Amino acid sequence: MCVVCGCSNPDAPTAAHTHAHDHETGHAHSHDHAHAHGDLDFGANAARVSVPGMSAERAIKLEADVLGANDRIARANRAHFEAHGVAAYNLVSSPGSGKTTLLVATIEALRRRDPTLPLAVIEGDQQTSNDADRIRATGAPAIQVNTGKGCHLDAPMVAAAFDRLPLHEHVHHHDASRSLLFIENVGNLVCPALWDLGERAKVAILSVTEGEDKPLKYPDMFAAARLMVLTKTDLLPHLDFDVARCIEYARRINPGIEVLLLSARSGQGLDAWLDWLLADAACDAAPRDETAALKARIAELEARLAEREAAA
């Protein structure tokens, strides 16, 4: 599972109501409880998460420790990729957004543009090798990473998978050409936002069959992404999806996020996606430090923990 995970707090007040029970004995009686109204927000504490049996202070420390350990390996991944000319992109989305379909179309289109371009894919899912098999069918190398009960990929998983790819052998020959590594994360708009894999950029995939308010519902993911790709746009005539509103919501969360619209089925917008990838991969400037948000989060957690310890 994730760093810290829970869906309820045992210390929270019991839902208040009055109800009656009919028992097998034939008599009925009622219980009166203090009644409460309104919505619940279990992410309003210092840790921004509620874990049964765990204090907010402990959750903060655990998250900082685990993310810090992951970050060290992510930095090594990033240095490894950059030293050998690999541009790695972490594709994140909810299940069913069309990540694998987009990757298949992307690989085929890239092969038409530049048959010599080295590329590979790391596929993340809880079970099966279905998506990796689809990628391999294009002729591109792919490694499947099954996470079991895990809800995201982490930096050690990516390091182990990259070591098994032919792309790894290619880059160790120090070829001057740029290579592309696509990391298709587990379908989940929550946990992968926090986990740096060593990628050059996170790319948030959002299909138009989902709600345009997804950026507001899952702000951490869209805040961490450099690019949002709206997919399945060929279906727009049949949907009520408001593209302009979705983009406005995304930029409310992340003013600098770039946006592309495409359909992997029709091919509309695919050239713009390829242009973005190749231009970004070829950029001589140092890749954006994707650990910045994570470092800020860890610093925030440590500061909150110190405040609580001082007040205790």
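The values are calculated or read from the model by the stated rules, or taken from the named source; none is laboratory data. Bear in mind that the values here come from a model prediction, so they are computed numbers and not experimental data. Here the Cβ positions follow ideal geometry from the backbone for every residue, glycine too, while neighbour counts run over all protein chains shown.
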Problem - When residues of the stretch 202-229 are limited to those that are surrounded by fewer than 22 Cβ atoms within 10 Å (Cβ to Cβ) and among the basic types (Lys, Arg), the one farthest from Asp275 (Cα to Cα) - result: Lys217
Problem - Test: residue in the stretch 98-106 that is modelled with pLDDT of 55 or more, of a type in the set (S, T, N, Q) and in contact with a Lys or Arg (Cβ under 9 Å, 6 or more places away or on another chain) - result: yes
Exercise for the section: Could you please find all residues in the stretch 233-255 being outside any helix (DSSP H, G or I) and out of contact with any strand residue (DSSP E or B) (no Cβ under 9 Å at 6 or more places or on another chain)? Expected result: Leu239, Asp240, Asp242, Pro255
